[in-house]
1. Considering each of Thr43, Thr24 in turn, give the residue that is within 22 Å of Ala79 (Cβ to Cβ) and either hydroxyl-bearing (Ser, Thr, Tyr) or touching a Pro at 6+ places or on another chain (Cβ under 8 Å) (or both).
2. Just the residues that are open to solvent by less than 70 Å² (accessible area, probe 1.4 Å), assigned to a helix (DSSP H, G or I) and either in contact with a helix residue (DSSP H, G or I) (Cβ under 7 Å, 6 or more places away or on another chain) or of a type in the set (S, T, N, Q) (or both), please, taken from the stretch 59-82.
3. Based on this model, can you work out whether Pro13 counts as modelled with pLDDT of 95 or more, in contact with a helix residue (DSSP H, G or I) (Cβ under 7 Å, 6 or more places away or on another chain) and surrounded by fewer than 15 Cβ atoms within 10 Å (Cβ to Cβ)?
4. Yes or no: Ala56 small (Gly, Ala, Ser), open to solvent by 80 Å² or more (accessible area, probe 1.4 Å) and out of contact with any strand residue (DSSP E or B) (no Cβ under 6 Å at 6 or more places or on another chain)?
5. Anything in the stretch 47-60 that is in contact (Cβ under 8 Å) with a residue 40 or more places away in the chain and either acidic (Asp, Glu) or more than 22 Å from Pro10 (Cα to Cα) (or both)? List them, or say none.
6. Examine the stretch 28-40 for a residue that is within 22 Å of Arg99 (Cβ to Cβ), of a type outside the set (S, T, N, Q) and not in a helix (DSSP H, G or I), and state whether such a residue exists.
7. Please go through the stretch 83-111 and give me each residue that is open to solvent by 80 Å² or more (accessible area, probe 1.4 Å), modelled with pLDDT of 95 or more and outside any helix (DSSP H, G or I), ordered by number.
Amino acid sequence: MTSLPFAQLPAPPYYSVIFSSQRTAHDEGYGETADRMLALAATQPGYLGVESVRDADGFGITVSYWADLASIANWKAQAEHRQAQDIGKQLWYQHYELRIARVERAYAKSA
């Protein structure tokens, strides 16, 4: 997955979808699909940004940011995304957890 380290987000409130996952050893098509999902998500109404990391042992966290709950529901139901979810459950993820949270406050420190 390739993305900027920090998402450029508006002032809260907004929502985050936190996807924590442990990858399997099966890698066929994963990178291409992950890149495609990042690009496709960015075209969806209500999408605000994404931040994603994965360690050498295959544990990763991707946080996507959305304007509202309806946008999250629409992304979850998007046909190509549904297909990728199904493949992920079958091949790419040993375990995953998804959490949705409303961001009420955000601040940062710049260098």
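1. Working: Thr24 fails: within 22 Å of Ala79 (Cβ to Cβ).
That would be Thr43, the only listed residue that is within 22 Å of Ala79 (Cβ to Cβ) and either hydroxyl-bearing (Ser, Thr, Tyr) or touching a Pro at 6+ places or on another chain (Cβ under 8 Å) (or both).
2. Ser71, Trp75, Glu80, His81, listed by residue number.
3. Working: modelled with pLDDT of 95 or more: yes; in contact with a helix residue (DSSP H, G or I) (Cβ under 7 Å, 6 or more places away or on another chain): no; surrounded by fewer than 15 Cβ atoms within 10 Å (Cβ to Cβ): yes.
Criteria not met by Pro13.
4. Details: small (Gly, Ala, Ser): yes; open to solvent by 80 Å² or more (accessible area, probe 1.4 Å): yes; out of contact with any strand residue (DSSP E or B) (no Cβ under 6 Å at 6 or more places or on another chain): yes.
Answer is yes for this residue.
5. Filtering the stretch 47-60 for residues in contact (Cβ under 8 Å) with a residue 40 or more places away in the chain gives 48-52, 54, 60.
Listed by number, the residues that qualify are Glu51, Arg54, Gly60.
6. No, that holds for no residue.
7. Pass one, the stretch 83-111, residues open to solvent by 80 Å² or more (accessible area, probe 1.4 Å): 83, 89-90, 94-96, 98-100, 102, 104-105, 107-111.
Right, trim to modelled with pLDDT of 95 or more and you get 83, 89-90, 94-96, 98-100, 102, 104-105.
Within the stretch 83-111, Gln94, His95, Tyr96, Leu98, Arg99, Ile100, Arg102, Glu104, Arg105 qualify.
This table checks each residue for (1) out of contact with any strand residue (DSSP E or B) (no Cβ under 9 Å at 6 or more places or on another chain); (2) over 19 Å from Gln22 (Cβ atoms).
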| site | (1), (2) |
| --- | --- |
| Val63 | no, no |
| Ala67 | no, yes |
| Ala70 | yes, yes |
| Trp75 | no, yes |
| Glu80 | yes, yes |
| Ala84 | yes, no |
| Glu97 | no, no |
| Ala108 | yes, yes |
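The values are calculated or read from the model by the stated rules, or taken from the named source; none is laboratory data. In this text the structure is predicted, and so the values were computed from the model without any measurement. A quick note on method: Cβ atoms are made from the backbone with ideal geometry, for glycine too, and the neighbour counts reach across all protein chains shown. Note: areas computed on protein heavy atoms with side chains; ligands, DNA, RNA excluded. Shrake-Rupley method; radii C 1.70, N 1.55, O 1.52, S 1.80 Å.
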